[in-house]
1. Taking the chain as a Gaussian network, where each spring joins two C-alpha atoms under 10 Å apart, which residue of Val196, Val108, Val123 fluctuates the most?
2. Can you list the HN-Hα couplings for the stretch 105-115, worked out from phi with the Karplus curve (6.51, -1.76, 1.60; θ = phi - 60°), rounded to whole Hz and with x for Gly and Pro?
3. Name the long-range amide H neighbours of Val4: under 5 Å, sequence gap of 5 or more, or other chain; modelled H, no Pro or chain starts.
4. What shape does the stretch 166-251 have by the C-alpha gyration tensor, where a ≥ b ≥ c are the square roots of the eigenvalues, rounded means a/c under 1.5, and otherwise prolate means a/b greater than b/c and oblate the rest?
5. In nm, to one decimal, how far is the Lys107 label point from the Asp57 one, both placed 7 Å along Cα→Cβ?
6. Restricting things to Cα coordinates, could you compute the convex hull volume per residue of the chain in Å³?
7. Counting only GluC sites (Glu not before Pro) that are in a DSSP loop and have at most 15 other C-beta atoms within 10 Å, tell me the longest site-free stretch of the chain.
8. What's the whole-number percent of alpha carbon pairs in the stretch 1-138 lying beyond 21 angstrom?
Amino acid sequence: MKVVIKAENVWKKYGSTIALRGASLELREGETKVIIGPSGAGKSTFLKCLNLLIRPDEGRICIDGEEITSLKADIIRLRQKIGFVFQEFNLFHHLTAVGNITIGLTKVKGMSKEDALEKAKRVLKMVHIGEDLWNKYPAQLSGGQKQRVAIARALAMDPLVMLYDEPTSALDPGLSSEVLLVIKDLSERGITSLVVTHEMGFAYEVADTIAIMNNGRIIEEGSPEEMEYMKTKEARNILNRWNGMKNGVLA
Ligand SMILES: Nc1ncnc2c1ncn2[C@@H]1O[C@H](COP(=O)(O)OP(=O)(O)OP(=O)(O)O)[C@@H](O)[C@H]1O
Ligand SMILES: [Mg+2]
């Protein structure tokens, strides 16, 4: 399978804090990779570097074979290949569920209003948002519904890969599982996904690979089955702590 994201030796400093210290990662077409690691490990910074919401100080990132970190890169075009879902939904408050999705399709993709509406309905169905909610504003939706609209909005742009940064950490457990089930469903449909999460059960069930991040870099990775055989003590310690908080949302 072709490599969709390749990040090599990515460094990022915020003042005197070194958030990334040579982080590297490869994501292949159709793969679902889950990144785990302690708070402050650099997970969000790394994800944001992948579509250049943050520009790394050093390192090279290629999306679909094109270097997004090159100064000559067409960042706007490359960014369209990546769907990004944040912890805090980031919906437009003045637009309905449908409006949140059609705006990108008409403004960025140049689609007609009719086609954009059709597409919006299609992706909303994929995330199990029923017709009764299509014309509601974000304030009228639950957290889980908002997050599913945010996922639908990213999906509507036909990205090559979906990045999720702790998509459920702002939600109550019941609402979390409805969002995780949608992400799992998309992953099973073959949508290439990179997910930062603390949801253990979900990671073990959905991930093809789990990557462990600590101190600004990916220290080890492997399939869920391989997690028992991590080579470094650093990785084993993180896993032990993580296994301790297994809440099994999907397990
Ligand atoms: N905008 C910023 N300005 C200064 N320091 C920052 C900024 N964003 C992050 N940091 C620091 O960089 C390091 C990595 O932060 P990051 O948010 O990437 O970690 P994380 O792994 O996503 O953590 P969490 O699990 O808590 O979300 C931390 O030490 C953090 O304090
Ligand atoms: Mg984070």
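None of the figures in this text is laboratory data; all of them are computed from the coordinates on show. This structure is a prediction, so every number in the text was calculated from the model and none was measured. Glycine gets a Cβ as well: all are built from the backbone with ideal geometry, and neighbour counts include every protein chain shown.
1. In this elastic network of the chain, the residue with the biggest mean-square fluctuation among Val196, Val108, Val123 is Val108.
2. These are the phi-based 3J(HN,Hα) values: 5, 7, 7, 8, 8, x, 6, 5, 4, 5, 5 Hz.
3. Leu27, Arg28, Glu29
4. Prolate.
5. Distance between the two pseudo-spin positions: 3.4 nm.
6. Considering the Cα atoms of the chain, their hull volume per residue is 130 Å³.
7. With a cap of 15 other Cβ atoms within 10 Å, the longest stretch comes to 89-251.
8. I get 54 percent for the Cα pairs in the stretch 1-138 exceeding 21 Å.
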